[in-house]
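Here's the structure, in structure tokens; my notes come after.
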Amino acid sequence: MAGFLIRRLVNHAVLVMLAASLAYLLAAATLAPRAAFAGQHPPPPAAVIDAELTRLNLNDRTPLPQRYATWAGGVLRGDLGRTLNGEPVAPELWNRALVSLRLLAVGTVLGAVLGVLAGAYAAVRQYRPADRLITVGSFAVLSTPVFVLAVLLQLGAERINEITGVRIFEWVGEYTPGAREGMTGRLQHLVLPTLTIVLVQAAVFSRYQRHLMLDVLNADFVRTAMARGLTRRRALLRHGLRTALVPATTYFAYTFGFVLLGAMFTEKIFGWHGMGEWLIDSVHRGDVNAVAAITLLAAVLVLLAGLAADTAHAVLDPRVRTGR
């Protein structure tokens, strides 16, 4: 097991380096940080702009390989560079990452669990009303853009607040500035953005898990377990669901990147100052170092999730860790 994990860790480290390097090269070649200085009123002299861009390693007149070598050397030392404002990228990145983690952790896990359970139940009740209801609900959510879903939830929450006469839901920011809200206030702000992520995740996983579960319903090992005295429910739970979960663990890890992508819209709409919002603003401003740092952290998180999925895969299927 240890050898298996070490091999996977080495492979993932190489992938992280490749992903981060490609992200930096693409951002440095396409974004225009010079425009952020030239657009100031009044614009600084050209020599001042060049000097500042050179200091930040963002000067487009410096050869790209040289800029990349400077950036990569800094990353190896733990220095992710500076933003267009001259502030260090690393502290801002960690602050934003914690905000995104508070938003994504519950929504991602809860959505995946609910989706797996709903998909498995729909497969067992194939073509019955429960299956059709779950299918229609999943497709309705999947066909609705994330930002539209978020706005609809806001409208519904506002209506509930009006009917009850109580401010049950809040949806602007992570907390209300200047207010002593405590845990209850934080939860009020967390419910709607978390629900947005949960609905999308649950819809995706319910469809995927339904198809996986259908493949094992009539498998030989399920019939054998029933022939040895297990009820159909126990055979499906003990053997069928476990087998169907093996590919779902890998799928969960590598959809984490798409969750980050969807969180950009969620954070922007609900006013959470996390990585997704920062990425949108950084691309708009041409802040190359910030974009590269966000991509680097996202790659690390996705591949760590992949390592966790590989571990779970090996636990669920002994053939993986033995190499058979």
Next on the checklist: If a residue must be of a type in the set (A, V, I, L, M) and either outside any helix (DSSP H, G or I) or touching a helix residue (DSSP H, G or I) at 6+ places or on another chain (Cβ under 8 Å) (or both), how many such residues does the stretch 14-36 contain?
Outcome noted: 12
Item to check | Residues of the stretch 23-46 satisfying the condition of being farther than 16 Å from Val283 by Cβ and free of Cβ contacts under 8 Å to residues at least 12 places away in the same chain | outcome: Ala38, Gln40, His41, Pro42, Pro43, Pro44, Pro45, Ala46
Checklist entry - Among Glu162, Glu170, which is the only one that is among the acidic types (Asp, Glu), part of a helix (DSSP H, G or I) and free of Cβ contacts under 8 Å to residues at least 60 places away in the same chain? => result Glu162
Checklist entry - Any chance the stretch 253-264 includes a residue that's of a type in the set (Phe, Trp, Tyr), in a helix (DSSP H, G or I) and at pLDDT 70 or above? => result no
Item to check | Residue list for the stretch 274-295, restricted to those being surrounded by fewer than 22 Cβ atoms within 10 Å (Cβ to Cβ), farther than 15 Å from Asn85 by Cβ and touching a residue at least 60 places away in the same chain (Cβ under 8 Å) | outcome: Val283, Thr295
Item to check | Answer from Leu153, Leu237 - the residue that is of a type in the set (A, V, I, L, M), at pLDDT below 90, assigned to a helix (DSSP H, G or I) and within 23 Å of Ala112 (Cβ to Cβ) | outcome: Leu237
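The values are calculated or read from the model by the stated rules, or taken from the named source; none is laboratory data. These figures come from a predicted structure and were not determined experimentally. Reconstructed Cβ throughout: ideal geometry from the backbone, glycine too, with neighbour counts over all protein chains shown.
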